[in-house]
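Working notes, beginning with the structure itself.
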Amino acid sequence: MTTVSPDGKRIWQAARAPLFIAVVIILGAVGLALVRSGESGGALDPGAAAPGGSLALARLLEQQGVHIVTARTFDEASSALGDNATLLVTDPDLVEPGKLSLLRGRAGDAVFVAPSQETLDLLLPSVSIKGESDVGVRSPGCTVAAAVAAGDAVLGGTEYEPHERARPCYGGSLLQLSGSTTLLGTGTPFTNDRLDDEGDAALAFRLLGKEPTLVWYLPTAGDTTAGAQPRSLTDLLPRSWFFGGVQVAVAAVLFVLWRARRLGPVVPEPLPVVVRAAETVEGRARLYRRSGSAAHAAGILRQATLSRLLPVLGLGLDAEPEAVLSAIMARCGRDAGALLYGPAPGDDASLVRFAEELDRLESEVRGF
């Protein structure tokens with residue numbers, strides 16, 4: 001079997017199209033992820049008009065006389081708070097729980113959106129998470145004034161387990177403690193695309209518009225200190241990045257399998273026929289016999305014998321006959337003039353005897 005190794009040019013020509021398509025797919029996925037991350041980057045931002053932003057709610061609150069202070073750092077939020085201010089923390093897991101406690105103590109009311117169990121263990125140890133649920137329309141099922149006034153609302157997400165002094169609403173996705181701290185399992189009621197659903201606007205206004213000032217705190221990873229549990233880069237990336245990456249990887253593998261060069265069946269290589277030396281000699285002898293060329297065959301036998309004897313005698317291929325015969329005489333005491341340089345045999349029987357004599361001479365010269 002013959003193995004053919006492709007050169008660099010062939011490899012590049014074969015891989016050029018798949019590589020180009022793979023690069024296009026990857027760049028497209030990255031661009032799509034960047035666009036989506038840009039859209040989700042304004043989640044619950046009072047200045048964002050995207051579906052996940054909260055510009056509509058911010059304008060509604062301002063029309064009702066609420067002064068909104070957008071804070072993006074702990075210091076900005078802390079300096080804007082007071083007894084006549086409501087605190088909204090859109091992502092409490094990005095802030096050290098100790099700092100959240102300080103902000104909560106300085107605010108008249110505080111609303112935390114979807115805090116994790118790690119944050120609750122340090123901020124509100126008596127509250128625990130009982131599970132997750134789909135976001136959908138829910139009934140209040142409680143006596144909290146804001147929930148009763150709003151009626152049905154779009155809630156869900158994280159559900160919190162109440163203790164004796166807490167009042168759960170909407171199946172635990174809203175939990176109010178001591179009348180001044182509220183936990184929400186999702187920020188959906190505050191978003192532009194869901195604000196006009198059911199009683200979302202009324203619920204948002206009653207939770208965030210009780211005080212003349214609303215400190216809208218959009219924390220970033222920079223507010224996390226060594227005392228907190230920082231979130232890794234993978235935690236901060238949108239989920240669409242991971243799903244997109246997996247899809248691109250699967251598509252790339254399938255494309256490579258589709259375009260890869262497939263090995264065909266094994267092709268046997270025709271090899272030269274191995275013929276034994278005896279068969280070759282016999283075949284040539286038959287040819288010479290048919291053609292009646294005994295003299296020609298004898299000449300070939302003589303040349304072959306001389307070509308083997310001259311190196312043994314220490315002579316070159318152009319040695320004179322006298323030198324050859326003298327060397328043979330000195331070596332084995334035999335006169336080989338007629339055999340090596342005399343007339344050639346004329347028939348097949350003489351040719352056979354001639355060949356035997358040449359073989360005997362060679363054996364005597366070699367000494368065996």
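The values are calculated or read from the model by the stated rules, or taken from the named source; none is laboratory data. All figures in this text were calculated on a predicted structure; none of them were measured in a lab. FYI the Cβ positions are ideal-geometry reconstructions off the backbone, even for glycines, and counts take in every protein chain you see.
Within segment 310-363, how many residues turn out to be of a type in the set (Asp, Glu), surrounded by 10 or more Cβ atoms within 10 Å (Cβ to Cβ) and over 24 Å from ALA294 (Cβ atoms)?
Count: 1.
Being assigned to a loop (DSSP other than H, G, I, E, B), out of contact with any Cys (no Cβ under 8 Å at 6 or more places or on another chain) and not hydroxyl-bearing (Ser, Thr, Tyr) is the filter here, so list the residues in segment 136-155 that pass it.
The answer is GLY151, ASP152.
Could you tell me whether GLY65 is modelled with pLDDT of 90 or more, in a loop (DSSP other than H, G, I, E, B) and of a type outside the set (Asp, Glu)?
Here the answer is yes, as GLY65 does meet what is asked.
Is it the case that some residue within segment 182-202 is over 39 Å from the mean Cα position of the chain (by Cα), among the hydroxyl-bearing types (Ser, Thr, Tyr) and assigned by TED's automatic domain parsing to the domain that holds ALA71?
yes
If I filter segment 146-166 down to residues being touching a strand residue (DSSP E or B) at 6+ places or on another chain (Cβ under 7 Å) and among the β-branched types (Val, Ile, Thr), which single residue comes out as farthest from PHE205 (Cα to Cα)?
Out of the qualifying residues, it is THR158.
Would you check which residues across segment 198-215 are buried (at least 18 other Cβ atoms within 10 Å of the Cβ) and part of a helix (DSSP H, G or I) and list them?
ASP200, ALA201, LEU203, ALA204, PHE205, LEU207, LEU208
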